[in-house]
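Just so you know, all these numbers are worked out from the coordinates, no wet-lab data involved. For clarity, every value in this text was computed on a predicted model and none was experimentally measured. Cβ coordinates were reconstructed from backbone atoms using ideal geometry, including for glycine residues, and neighbour counts include every protein chain displayed.
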């Protein structure tokens, strides 16, 4: 075998030598030929990799040398076809090598090579297993087992291979080195049989064995092996093997292990078992009672929340959240805490607060010994170290490490979502967390509270604590809190009043929160109309007898109050009676200016403006949707109308669609998208309809200008269609690309007619044909659906086009373009147009931003983005200076926040600088959407199969942008760079 | 039986004057060296004459360990080392070493300068004493001498507080005053070192505290409300520990809530201490350590040094002033200035001794008689907030759970409370718990494991015999134990003989078994041979030509009985090494041969 191999390698090797010699001989041949030759040479050198390696390794005199060669070799990728050869060479050297480190490297290379995409490692498996037999070094053994693992994972479909590998692993389980045992267990975990076929009795027997084998290593003397055993068990579970309940007892013992990684893995295992067998009954040790397994496991994991290692604590706290089958009795124990002082029972601060609240007394907090302990405690009854669930969350939430606290809050959230009674109980603790010293914890608990807000009603004292956080200097915290208040239930009118007062305080302290506060009050009002009603006179400061002065309409605080009242009035018809005259006037004004915050009201003496669509209609029979489809049908069906008719119809339809988009916000994306498409079609038709096509072109520059402008516009629009809408599928992408191809054809025609001479046309034609070619490659699967289209016809004519002269090509193109039919654009399920809105800077300021020229000034930019996919990669900020200079800024990924699905928020700083100006001037700030058609969905279809993708496909951020689409309204900022003083 | 002896000289069923003598495996260690705040006579220091009546203490003590800088743990140190006389090493952590002299100096000033005592240690003595101190890092194992080693663990929020593990050979003692972090449990951490004895404080043995978060929130809310009203807040504090904690609390809150009102810190001692807090930032809690990347939390942004003139400034402000019980000094001055305005507030963050102004106003007195028969009407609000750094019962239990000691000893607490905790510990961990009074010696018997070196050859040979090594199961092996030069070695018998220069003696056991068998000798032998062959399948049973049988190395010969030819005497002989098999064979043969048909 080896001899045969060597021969093969030498053959290849000699071949290479020959060719390169040939190359040097023929260096004086014509360039054309030389190119051919070098291409040939390139192809021939490829398989010689193994040969080169072989030579290198033979040359190596010392192990260090050999190691160096191997390291160098590992840096370069190896093609699929030469992998096997390389592996053989490596194996040959492996047997010869005495140095363990070189063997180790070879073993690791074997694993790396087996990973090569497209290479099937079954041919080298036997050899790899053979190498194990005589290996003495534990490290090399471990590495070889790792290689086998790689091979095994590539051949998962083959059960016999897996069985064999598992057998090998079992054989080495008795090795004295922990590393080898570790790898063996890993191998068994990854490849152990999991199928439980009824017919295959032997298989299921083996499956049982695998669990037993792994289970035996739960008490290995090395903690690393113990961990690996548990991990292997978990791996088996992940692969679908049902673990036996019998290991539960073993796992419980591992919870008391000395090593944290073992405990951490054991917690996971217990959790898995509790999910598998929630209802089985386990006995409680040292008593005759029995409880459900899930409850027992819950108790045990709770106990781990007060473990010595914070890693285990985090793990345990996290897992608690997903144990939803646990009985409520156990669940509520987690929040239990008994305080005592000098053996006397003491009430917790929570209990005291609750009592004060129910007795209707205000917290004095002034007395010393207010919290004096009350009743005596029976010393026997106190359990200092609670076993089980008692107080697990109390511990978790008061943990020293914030990671544990966050995990506990998350778990609390998940459990509270499934159990309303628990939600009610954990409220006190969550509210407490609002004052945590770490911001992330605060934020997390606010989010949690929002998620469970359906189940809870805040007490006044709790609300008080919650509202106190409104003064936080962190914008994220405040906004999260506003969101929370949007969906909170408040129980009393005092609560509403308190919330309003605090929000107004917040508004004066941080005026930038305006929008968010208004929105918050909108929901607060609409949720609690009856609680707002008694507050109205006070809030509007009306008086039964006297007229009060009219408040300032532009005061954000006043607007805030009005938003609250108007939203409450929507479902409370008696409220408008309390309004004074100016309130009605203000209503009319706000309804117009802030229509998203002020609902339509049924006011006395005024007609309610009926909304365009009554909400009762279900989406199925939505007439607007029908209308959209009908109008599109109409366009697509009328293929053979006279040109004039088509144009008119398109124009009407486009107008209809645009109007529809304005009226129906949920259909806006769809309508805009189709309208844009039709617009492109219209432009194309218009350009082709020009009667002057047959006249010698140079005379009709104006006409050409129109056509080329149309082509340019179509190109732009197609980019917008492809990149500005989220939800575009490949079906649409084809059509869009097709349209772009047509535009390019048009461009080519126009250029051909305007330029003299053939020379420049050569290149253009070549390029165009290349594009057609790539289109064909990308969308080969879609082509059958494009019967009679431009590209369909073009591909038929392709052989002719390739051979003909540019002028002929142009002619052919022109006729195909005219004859081609117009493609039906299928609509995707959901389509949204990306949009952006710059909130800050507002562009209203008349005070120029002054700074010394040459230095920088930071401009805060705050914008909301909707339906932008991957904003971190695509959204850019553009600054346009009055001198036409444009600056493109890439915001940091951390500047984007994701407040909800499809929504993003960009809060960043833009640095401006310029030379001195004589007077202040305005710059424009806008947001751009960068795109790159290479990265688009079409391009990813061509699968890349390189050896090492991560090395080759390095991201190229700068080259990644092909063009940009502006997608927000520009905002003007007044700036004034002053000359520097000397 | 090896034993550990513990004798508290102070802090045994008592609070204050911590001083515990531990003798472990022949080493004597003194844990803490504190003073008692309740006494002004000799009783304020531990009675060092217990250690030795005459002569230097250095000869009797191997080292002294100080857990943290509170005076009841280090107050007697200069007296002990300079006046009684001790030149050995004193171990403490770096922050403790830095802050300790400040407090000692302060203590000295009050006693000597204010109370006019003589025969007290001097500033120079403090300096000399500090020269004997060896500073240790956390988790650093310090070899005091060849056998005694100590190791410090982080113990919580009092800057520099540490738990100490004292270890001689396999015996170890852990000493902890488990101070806990400001707001959270579980701050103190120790690995599962399974000491023979854990000595722990038990001040709050009968208390389970509420979360500090509520108390902190109340405190901050009160301060915030007062400041918003335009009032002034006075917070009387003691110089160290709590003051810094509150400063951080307020500083972060100011930062968080974007507040502008000034916060002042009265100068003097505290500033020096703040400086040390700044230096030892790594000893503080997670939040402070995390923020350190951006800035040092103790480089206060909002807190400035106080000047006497500031007290009359209009507008809101918060002032931290010493001393904490409002009995004298700056805090009292400010209090007198502000007491008349109901917008202002005073917050007492700790316990006040009876008779002080602090105690009076806390118990609700509204009219105070000041010196010079002035009547001061207190209109300002008076609040009480308790912040305590000691571990509660749960904290202590958790520590025990973590360390898994074999015995627990309680100190630094009241007897009655200890009794409760002791009962709980015994009940829940099933370990012995002790609570000796001052001067009472507790002896704990230990069962140390003794390490024995085994030669690799022997180990390999022995493990090769029989089944595979089963983890965590005892295994029987044969070898020779050599005890020489205070070390133990297990070697193979041959090597032992060689080393000791002894000749090998063969030891054989022989045994006669009588068998009733009328047949000829060689027939009997054949029968025996067949029988043994049938029973002992795994062993090599051979019938030798000379008429004897060998089973492995055991020899069996048969002769006819001299008197009774019907009885055959089987001679079984085996070497001492084959004792097991030999005795088995004899018992087998004694049962007689099976009646064969042949």
Need the C-alpha centroid separation for region A:476-529 versus region A:537-575, integer Å.
16 Å
Please label the shape of region B:426-467 as rounded, prolate or oblate, based on the square roots a ≥ b ≥ c of the eigenvalues of the alpha-carbon gyration tensor (a/c under 1.5 means rounded; beyond that, a/b larger than b/c means prolate, else oblate).
oblate
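For region A:801-914, report the translational diffusion coefficient in µm²/s to the nearest whole number, using Stokes-Einstein at 25 °C, 0.890 mPa s, and a Kirkwood Rh over Cα pairs.
Details: Rh = 18.6 Å.
So the translational diffusion coefficient is about 132 µm²/s.
Sorted from fewest to most neighbouring beta carbons within 10 Å, what does the list A:327, B:449 look like? Walk me through the numbers before you get to the answer.
Working: A:327 14, B:449 9.
Least crowded to most crowded, the residues run B:449, A:327.
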Using only the alpha-carbon atoms, how far is helix B:393-403 inclined from the longest principal axis of chain B? Give it as 0 to 90 degrees, nearest 10.
40 degrees
Distance (nanometres) between label positions extended 7 Å along Cα→Cβ at residue A:543 and residue A:451:
5.2 nm
Arrange A:659, B:17, A:740, B:215 by Cβ neighbour counts within 10 Å, fewest through most, would you?
A:659, B:215, A:740, B:17
What nm distance separates the two modelled labels at residue B:41 and residue B:106, each placed 7 Å from Cα along Cα→Cβ?
2.9 nm
Work out the P(r) tail for chain B: percent of alpha carbon pairs separated by more than 46 Å, whole number.
40 percent
Nearest 10 degrees is fine. How inclined is helix B:329-338 to the longest principal axis of chain B, computing both from alpha carbons?
50 degrees
Relative contact order as a percentage, region B:357-456, C-alpha pairs under 8 Å and 6+ apart, gives 18 percent
Modelling each spin label as a point 7 Å along the Cα-to-Cβ direction, I'd like the residue B:516/residue A:59 distance in nm, to one decimal.
9.3 nm
Please report the spacing between the Cα centers of region A:103-118 and region A:872-916 in Å, no decimals.
45 Å
Cα long-axis angle, helix B:94-108 against chain B (0 to 90 degrees, to the nearest 10)
50 degrees
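Relative contact order for region A:77-152 using alpha-carbon pairs under 8 Å, separation at least 6, rounded to a whole percent? Spell out each step's value before the answer.
Working: 63 pairs, mean separation 30.1, N = 76.
Here the relative contact order equals 40 percent.
For a quick check: sort B:317, B:483, B:35 by the number of other beta carbons within 10 angstrom, fewest at the front.
On the way: B:317 20, B:483 9, B:35 26.
Sorted ascending by nearby Cβ count, the order is B:483, B:317, B:35.
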Just for the Cα atoms in region B:78-166, what are the lengths along the principal axes, largest first, rounded to whole Å?
43, 30, 15
At what distance in angstrom do the alpha carbon centres of region A:308-324 and region A:51-73 lie from each other?
50 Å
Taking Cα pairs under 8 Å and at least six residues apart, what relative contact order does chain B come out at, in percent?
14 percent
Express the Stokes-Einstein translational diffusion coefficient of region A:394-458 in µm² s⁻¹, to the nearest whole number, given a Kirkwood radius over alpha-carbon pairs, 37 °C and a viscosity of 0.692 mPa s.
289 µm²/s
